[in-house]
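Inspection log for the structure reproduced underneath, given as C-alpha cells.
What follows is calculated from the coordinates using simple rules that are stated; it is not laboratory data. It should be emphasised that the depicted structure is a prediction, and the values quoted were computed from it without experimental measurement. Please note: Cβ atoms are built from the backbone with ideal geometry, for glycine as well, and neighbour counts cover all protein chains shown.
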There are 2 protein chains.
Amino acid sequence: MLSFEQASERWREPLENRMKEAMKDHGFLEEMAIYHLETGGKRVRGLVPLWLVANMGGSGRAALDVGAAFELFHNGTLVHDDLQDDDELRRGQPTIWKRWGAPQAINLGDAFYFFATDCLESPGVPDGLAKVAGRAMAAVVGGQTLEFQMQLPASDPASVPPSIDSFNRMARGKTGALFGACMEGAAMCQGVRETTSFKAWGEQIGLLFQVQDDYLDLVGDKGRERAGSDLAEGKISYPVAWTISHAPNNISTRLEAIVRTPRRDTSNAMIDEAMELLEKGGGLEATKQYLLNESKSLSSVSISGYLPGFVERILKPVAHAL
Amino acid sequence: MLSFEQASERWREPLENRMKEAMKDHGFLEEMAIYHLETGGKRVRGLVPLWLVANMGGSGRAALDVGAAFELFHNGTLVHDDLQDDDELRRGQPTIWKRWGAPQAINLGDAFYFFATDCLESPGVPDGLAKVAGRAMAAVVGGQTLEFQMQLPASDPASVPPSIDSFNRMARGKTGALFGACMEGAAMCQGVRETTSFKAWGEQIGLLFQVQDDYLDLVGDKGRERAGSDLAEGKISYPVAWTISHAPNNISTRLEAIVRTPRRDTSNAMIDEAMELLEKGGGLEATKQYLLNESKSLSSVSISGYLPGFVERILKPVAHAL
C-alpha cells in the first residue's frame, strides 16, 4: 500500500501535466490558470483517485483524467470563492480578481469547469462518471449557496437559520460532495459496480476536513491575529453552528450577534468574547468530540485500508488540540 | 418544413419542463433559476436543435435533452454577464446579482452549467456530444475573456488591440461557438457523422446574430436614449472594431478615445460624435455590407433549408436599415 506521500511523488507531475494539457491553447485563460495553479495546493482531490486506484491494484490513464478533472473543478470553485469572499490573497499571492478584476475571475472559474469536463470526456473514462461529477458539482454550488443564506439576517426572506442541521447540509455539499465523487469515480475506474459506500466514505471525510479546518481557525498556533479570523468574517463554522443550536439562549444569542457583526466593526475584544462563548457553550468541546468520533468511524470502514494514513493526515494540523 | 414559430409552439413547453426537471430539488438555486428564466427569452438555443432534428425527419427525447442543455448553458453565461457588465436590469426585472448579491449570481451561473451537464448525461444523448458542448463552452468563456482584454488600455500587459481581427475571434467564441454546437449537436442526434459543415454554419449564424445586435444598437428606432448605448459602455462592437482597423488615423484614434472613456464621463455629445465617426469612417456601411453578404452566404448553404426563415428572422430587427 502506497502512502499519500508516495502517491504524490509518483503522480504529482503527471497530474500537473494532464491539467496543463486541458488548458492548452486557451490564450489568456491558460495564462491566468497557470498563475492560479502556481500559487500552490497539495492537489488532494487530484491525487486521491490515483492513490486509491493504485492501492486497489489498478493503474492506467483513466484515473489520471479523473484526478485532473476533479482538481480542475476544485480550482474553479477556489477562483470563484476568492471573489465571493473578497479575499485578496491566496497563499501570499494576489488572487485572480485582485490581479485581473472580477470579470476575469468569473471567466477563469467558468473555464476551469469546462477544462475539467474535457478531461472527463477522454477515452477510457467510465460511462456515467461525468454524470457523477456534474451532480457533485451541483451539490458543491448548492452548499456554497446555503452558506451565504446562513449569513443573512433572519429578516431576509432568503435567510436560513445557522443551525447545526444547516451546517451539516451546507458542508456535505460544499466540501463533502467533491470528495465523495473522487472516491466514487476512482471505484468506477476499478470497475466497482456498487459504489455507494465509496461515495459515503468520501463525503464523510470531506466533512471531517471541513470541521478540522473550522477547528484549526480556533486552536491554530500560527499567532494571535490568525485565531478566530472565521469569527470576524462571519463564517458559520461547525463550532459556531453547534453552539447556536445547543447552548443556552444568552450564549447563543450573543455569539450569533458577534458573528453577524460586519468584519470591519468586529473588535479583537469581540473575538475574544466569542472564543469564550464557544468554550462556555460547549461548541469547542463538541467539535473536538466530533473529530475524534468521526475519525474513528471512518477508520473502522474497510475502504480506509486503501488510503493508509489519510484520516490521520487530515487531523494532523489540529492533533495538538485533540 | 416547420417554421421557427411552429417549432416554438410545439416544443417551448416541453423545453421549459425539461429545464425545470434539471433544476428540481436544488432548493434556493432552483428558486433563483426559475426567477431568472421567467424574465423571458426566446429560447433560440434550446429550440434550434429540436427544430433542426424535426426538419431533418427525426424526433425523440435526445434533442430535448440537448436543447435544454444548451439553453441552460446559455443562461448560466447570461447570469454571469449581467454581473460582469454591472447590468441592473434584464428585460425590466432586477438581475440576479442586483436582487441577491454577487456571490449568489456567481453560484447560480455555475449551477446552470451543471444542470446543463446533467441533461447531456441522459440516456440516448449521442456519445461525444458532452465533449462538443464542453469545448464550445470553453470557447464561449475564451471569447468573453478576450472581450474584456480588448477594453483594457494599451498600456496594460493583458490588453489586446480592438481590431477587427480581435473582434472576429472574440465573437466567434462568445456567440458563435454555442450556436455551432447547437447545430453540431442536432446533427449528431440525427446520426450525421461528418458534422463540420453544421458546426461552421452555426458559428457563422452566431456571428451574424452578434453583428446584427451591434448594428441594432446604432440604428434601432427605440428612442434616442437607446441608440449608441454600447458606445457609452465601451463595448468593442463590429462597427467600432472595423472603423478602428480601417478608417484614417484621425477618425480611428478619436473613436477609440470616446469608446474608452468611462461610462459616467461619456456625454451625449460624445456619443453623437462617435456616431458621426462611424458614418464618416465607413464602419456603419461596412457593417451593413457584412450583414447583407453573410446572410446571402448562409442562405446559399443547403443546411439553411432545414431552418426556413432563420436568417431573415435574425436580420428582422435591423431590416429597416439594410
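Calculated on the alpha-carbon coordinates, the convex hull of segment A:219-317 measures out at 102 cubic angstrom per residue. Rg ratio for chain B: its Cα radius of gyration over 2.2 N^0.38 Å, N being its residue count, equals 1.01.
In straight-distance terms, cross-link reach from residue B:20 covers every one of the lysines whose alpha-carbon lies under 20 Å from its own, apart from those fewer than eight places away in the same chain; here that gives A:131, B:42. Could you state the number of Å between the C-alpha centres of segment B:57-100 and segment A:92-128? So the separation of the two Cα centres works out to 19 Å.
Rank-order A:99-107, A:308-316, B:228-236, B:136-144 by packing density, defined as the average count of other C-beta atoms within 10 Å over each peptide's residues, highest first. Write out the running numbers ahead of the final one.
Working: A:99-107: 22.0, A:308-316: 16.3, B:228-236: 20.2, B:136-144: 24.8.
My ranking of the peptides, most packed first, is B:136-144, A:99-107, B:228-236, A:308-316.
Each other copy places its own label point for residue B:264 at 1.6 nm from this one, sorted shortest first, where the point lies 7 Å along the Cα-to-beta carbon line.
What is the mean number of Cβ atoms from other protein chains located within 10 Å of the Cβ atom of each residue in peptide B:144-153, rounded to a whole number?
The mean count of partner-chain Cβ atoms within 10 Å per residue comes to 4.
If you wrap the tightest convex hull around every Cα atom of segment B:1-146 and split its volume per residue, you get 111 Å³.
Above 40 Å, the calculated P(r) of the protein assembly as shown contains 33 percent of its Cα-Cα pairs. Close amide H partners of residue A:90, meaning residues 5 or more places away or on another chain with modelled amide H under 5 Å apart, are A:95.
Here is what passes the span test in chain B: the DSSP H helices with alpha carbon length of 27 Å or more along the helix axis and a Kyte-Doolittle mean of 0.5 or above are B:102-120, B:129-150. Determine which lysines satisfy two conditions relative to residue A:280: a Cα distance under 17 Å, and not lying fewer than 8 residues away in the same chain. Cα-Cα hits under 17 Å: A:288. Rounded, prolate or oblate for segment B:61-127? Axes are the square roots of the Cα gyration tensor eigenvalues, ordered a ≥ b ≥ c, and the cut-off for rounded is a/c under 1.5. Prolate, because a/c is 1.5 or more and a/b exceeds b/c. At q = 0.19, 0.24, 0.25 Å⁻¹ the log10 of I(q)/I(0) for segment A:142-208 amounts to -0.69, -0.89, -0.93, computed by Debye summation with a single uniform scatterer per C-alpha, solvent ignored. Take each peptide in A:295-301, A:148-154, count the other Cβ atoms within 10 Å of every residue, and average; sorted highest first, the result is A:148-154, A:295-301. Counting Cβ atoms of other protein chains within 10 Å of each residue's Cβ and taking the mean over peptide B:124-135 gives 3. With R₀ set to 60 Å, the beta-carbon distance separating residue A:31 from residue A:254 gives a calculated FRET efficiency near 0.80.
The mean number of Cβ atoms from other chains found within 10 Å of a Cβ in peptide B:74-84 is 2, as a whole number. Farthest toward the positive end of the dipole of segment B:170-242, out of B:201, B:234, B:219, is the Cα of B:201, where the dipole comes from beta carbon charges about the Cα centre. Relative to the current alpha-carbon distance between residue A:168 and residue A:316, full extension at 0.36 nm per residue lengthens the span by 51.1 nm. Take residue B:197, move 7 Å from Cα toward the beta carbon, and the resulting point lies 5.5 nm from the same point in each other copy, nearest first. Estimated purely from DSSP H runs of n ≥ 4, each contributing -39500 (n - 2.57), the mean residue ellipticity at 222 nm for chain A is -22000 deg cm²/dmol once divided by its residues.
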